[in-house]
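Structure incoming, see below.
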Ligand SMILES: [Zn+2]
């Protein structure tokens with residue numbers, strides 16, 4: 001098994017309450033992405049036009065939904081920054 005070491009979430013994101021998108025479980029080695037929000041129709045009978053907000057990884061908008069958590073929380077749980085161009089390409093180890 002190959003272990004890929006990613007940088008930590010950029011420090012400037014962990015102050016001020018910025019949020020990141022993480023596929024659960026949120027644990028050491030989880031990857032924090034830049035969030036991409038999408039509005040989806042909610043199939044609730046009797047509520048036409050009802051929508052829900054879904055959050056995806058900005059680098060993989062058509063893959064599994066993510067949970068949106070604060071960058072500080074993700075960092076404190078050991079999440080690492082995704083370095084794809086759509087997420088945090090400038091993240092550096094710290
Ligand atoms: Zn990403």
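Taking segment 72-83 only, how many residues are more than 12 Å from the ligand (Cβ to nearest atom) and either more than 10 Å from residue 8 (Cβ to Cβ) or surrounded by fewer than 16 Cβ atoms within 10 Å (Cβ to Cβ) (or both)?
Counting residues in segment 72-83 that are more than 12 Å from the ligand (Cβ to nearest atom) and either more than 10 Å from residue 8 (Cβ to Cβ) or surrounded by fewer than 16 Cβ atoms within 10 Å (Cβ to Cβ) (or both) gives 5.
Filter segment 13-35 down to residues that are within 13 Å of the ligand (Cβ to nearest atom) and part of a loop (DSSP other than H, G, I, E, B) and give me whichever is farthest from residue 56 (Cα to Cα).
By that ranking, first place goes to 30.
Can you find a residue in segment 45-52 that is touching a helix residue (DSSP H, G or I) at 6+ places or on another chain (Cβ under 6 Å) and surrounded by 10 or more Cβ atoms within 10 Å (Cβ to Cβ)?
no
Still on this structure, I have one more. Can you name the number of the only condition in (1) loosely packed, with under 15 Cβ neighbours inside 10 Å; (2) more than 10 Å from the ligand (Cβ to nearest atom); (3) without any contact (Cβ under 8 Å) to a residue 60 or more places away in the chain; (4) more than 10 Å from the chain's Cα centre (by Cα) that residue 86 fails?
Condition not satisfied by residue 86: (2).
May I ask you to list the residues in segment 18-39 that are exposed (fewer than 11 other Cβ atoms within 10 Å of the Cβ) and in contact with a strand residue (DSSP E or B) (Cβ under 7 Å, 6 or more places away or on another chain)?
Listed by number, the list holds a single entry, 39.
Yes or no, residue by residue, for (1) within 10 Å of the chain's Cα centre (by Cα); (2) touching a residue at least 40 places away in the same chain (Cβ under 8 Å):
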position: 11; (1), (2): no, yes
position: 29; (1), (2): no, yes
position: 34; (1), (2): yes, yes
position: 41; (1), (2): no, no
position: 50; (1), (2): no, no
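Also, quick follow-up: Would you be able to say whether some residue in segment 48-57 is part of a loop (DSSP other than H, G, I, E, B), within 16 Å of the ligand (Cβ to nearest atom) and within 15 Å of residue 81 (Cβ to Cβ)?
Taking every residue of segment 48-57 in turn, none turns out to be part of a loop (DSSP other than H, G, I, E, B), within 16 Å of the ligand (Cβ to nearest atom) and within 15 Å of residue 81 (Cβ to Cβ).
Values quoted throughout were computed directly from the atomic coordinates according to the rules given, and no laboratory measurement underlies them. Computed from a predicted model, the values in this text were never measured in an experiment. All Cβ positions, glycine included, derive from the backbone under ideal geometry; neighbour counts span all protein chains shown.
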